[in-house]
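Single-structure report; data block below.
The values are calculated or read from the model by the stated rules, or taken from the named source; none is laboratory data. A quick note: this is a predicted structure, and the numbers were derived from the prediction, not measured. Ideal geometry is used to build each Cβ from the backbone, glycine not excepted, and the neighbour counts take in all protein chains shown. SASA here: full protein model, heavy atoms, side chains in, ligands and nucleic acids out. Shrake-Rupley method; radii C 1.70, N 1.55, O 1.52, S 1.80 Å.
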Amino acid sequence: MFKPLEGLLVLDFSQFLSGPSAALRFADLGARVIKVERPDGGDLCRRLYISNLELDGDSTLFHSINRNKESVSANLKDPEDLKFVRSLIEKADVMIQNFRPGVMEKIGLSYETVREWNPRLVYGVVTGYGRSGPWVNKPGQDLLVQ
């Protein structure tokens, strides 16, 4: 079966639903997607239950939006782990993150920084309220918007 994005490497630094759903589309179309998760339990969505079902100790919601992805653990505040992350970024085609504004800059993974490591990288940012305005620093989760 033809997969149009086969051969692309996507790094998914996102959590919960919006970012992982975007990265899922890449995986479904054949890209290799590596989900970069925290070492202390991974994506918080692993424990977000919408039913009493689970698979391998994680919520089925997590599995439904992270299928077809590989997963690695990295503490983005640890210099050794950041070296590993940099090696992935240098090879990647796409990077997706949905941290609050300023978080990636604080840990040294801003667009400006990673562009120097990999000028062809497409850097995708998912936000709840954009990159400017009065609500820019609020967490942008679906239930808060509703």
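Counting only residues that are within 12 Å of PHE99 (Cβ to Cβ) and either open to solvent by 60 Å² or more (accessible area, probe 1.4 Å) or modelled with pLDDT of 80 or more (or both), how many does segment 132-146 have? Show your work before the answer.
Our first condition is that a residue be within 12 Å of PHE99 (Cβ to Cβ); within segment 132-146, this holds for 137, 139-140.
Subset that is either open to solvent by 60 Å² or more (accessible area, probe 1.4 Å) or modelled with pLDDT of 80 or more (or both): 137, 139.
Residues in segment 132-146 being within 12 Å of PHE99 (Cβ to Cβ) and either open to solvent by 60 Å² or more (accessible area, probe 1.4 Å) or modelled with pLDDT of 80 or more (or both): 2 in total.
Answer with yes or no whether VAL94 is loosely packed, with under 13 Cβ neighbours inside 10 Å and of a type outside the set (Asp, Glu). Don't jump to the end; show me each part of the working.
Working: loosely packed, with under 13 Cβ neighbours inside 10 Å: no; of a type outside the set (Asp, Glu): yes.
No; evaluated as a whole, the condition is false for this residue.
Residue check: is LEU61 at pLDDT below 95, open to solvent by less than 30 Å² (accessible area, probe 1.4 Å) and among the aliphatic types (A, V, I, L, M)? It is true that LEU61 is at pLDDT below 95, open to solvent by less than 30 Å² (accessible area, probe 1.4 Å) and among the aliphatic types (A, V, I, L, M). Only residues that are among the polar types (S, T, N, Q) and touching an Asp or Glu at 6+ places or on another chain (Cβ under 7 Å) were counted across segment 90-128, and they come to 1. Candidates are the residues of segment 14-57 that are part of a strand (DSSP E or B) and in contact with a helix residue (DSSP H, G or I) (Cβ under 8 Å, 6 or more places away or on another chain); the one that is modelled with the lowest pLDDT is GLU54.
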